[in-house]
Protein chains: 2
Amino acid sequence: MTGQTPFAAPSELDEKIEETTRFAPKFGPDGLIPAVATDAATGRMLMLAYMNAEALAKTIESGDAWYWSRSRSQLWRKGGTSGHVQRVIEIRTDCDQDAIELVVEQAGPACHTKRKSCFYRAVSADGATLKFQE
Amino acid sequence: MTGQTPFAAPSELDEKIEETTRFAPKFGPDGLIPAVATDAATGRMLMLAYMNAEALAKTIESGDAWYWSRSRSQLWRKGGTSGHVQRVIEIRTDCDQDAIELVVEQAGPACHTKRKSCFYRAVSADGATLKFQE
């Protein structure tokens, strides 16, 4: 991204990435990190999307969830057109700082199909078919 | 992978990937799909890892979580050395079938740092530092 990010690069750490108190998210070779939005009220997964450094910086700065759309190759404020915004209550990272959890208050459904969560289908025991859960 | 997978390729679908009852997971250009393990008892996120087609097929077949280790470039049965296995209660996929949720019964801590979940640090309001939550 152009401009400054509040967070560091993993290469700047001289402490263990699992135990440091410095935020140094590891973006992949494509410049992206997976971000999972979970419901602040229930703890359940709502969706999985991707952020680049700019989306993450904008999320931190604005308190609304911003992602990088891989299909449209553009920054995307969740709910920008649908109104189904995600107000970010907390941002977490995992042990090796290569994944993000966004704890959010979700306005309306999280999924573009109008379901509450994107994970609305379960795989059958034989792994061939899906069962709708809503 | 060599051999057959129970699931289809997205290219074999002639219905919408969001509404089909066929399981057709979309692996990325690197052959991987992100898989989030959530706790069957609480619904909370435990960890995010990656699967290739073989790891997913072995997970379906065995009922234990198998992943692909990007750092070691090998298949990896979660808990194979630590004993912290994940018994899979349900496998879900998301709207566009490019992410997996594994609802698991986790033996012991999910994280290699011995924490219950890998997401044990929260990002500060200014986006620079992390606070431990356990």
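For the stretch A:107-134, how many residues meet the condition of being polar (S, T, N, Q) and open to solvent by 40 Å² or more (accessible area, probe 1.4 Å)?
2
Can you tell me which residue in the stretch B:32-48 is farthest from residue A:42 (Cα to Cα), limited to those that are in a loop (DSSP other than H, G, I, E, B) and more than 7 Å from chain A (Cβ to nearest Cβ)?
B:32
Considering each residue of the stretch B:49-101, count those that are hydrophobic (A, V, I, L, M, F, W, C), part of a loop (DSSP other than H, G, I, E, B) and closer than 21 Å to residue A:128 by Cβ, and give that number. Talk me through it step by step, then tell me what you get.
Just the residues of the stretch B:49-101 that are hydrophobic (A, V, I, L, M, F, W, C), to begin with: B:49, B:51, B:53, B:55-57, B:60, B:65-66, B:68, B:75-76, B:85, B:88-89, B:91, B:95, B:99-100.
Restricting the remaining residues to those that are part of a loop (DSSP other than H, G, I, E, B) gives B:65, B:85, B:95, B:99.
Keeping just the survivors that are closer than 21 Å to residue A:128 by Cβ gives B:65, B:95, B:99.
Qualifying residue count, the stretch B:49-101: 3.
With respect to residue A:113, is the statement that it is at pLDDT 95 or above, closer than 27 Å to residue B:32 by Cβ and touching a strand residue (DSSP E or B) at 6+ places or on another chain (Cβ under 7 Å) true?
no
Determine which member of the set B:35, B:8 is closer than 30 Å to residue A:92 by Cα and open to solvent by less than 30 Å² (accessible area, probe 1.4 Å).
Criteria check complete, one pass: B:35.
Looking at the structure I just gave you, is residue A:77 touching a Phe, Trp or Tyr at 6+ places or on another chain (Cβ under 8 Å), surrounded by fewer than 17 Cβ atoms within 10 Å (Cβ to Cβ), among the basic types (Lys, Arg) and modelled with pLDDT of 95 or more?
Yes; evaluated as a whole, the condition is true for this residue.
The values are calculated or read from the model by the stated rules, or taken from the named source; none is laboratory data. Because the structure is a prediction, the values reported are computed rather than measured. Glycine gets a Cβ as well: all are built from the backbone with ideal geometry, and neighbour counts include every protein chain shown. Note: areas computed on protein heavy atoms with side chains; ligands, DNA, RNA excluded. Shrake-Rupley method; radii C 1.70, N 1.55, O 1.52, S 1.80 Å.
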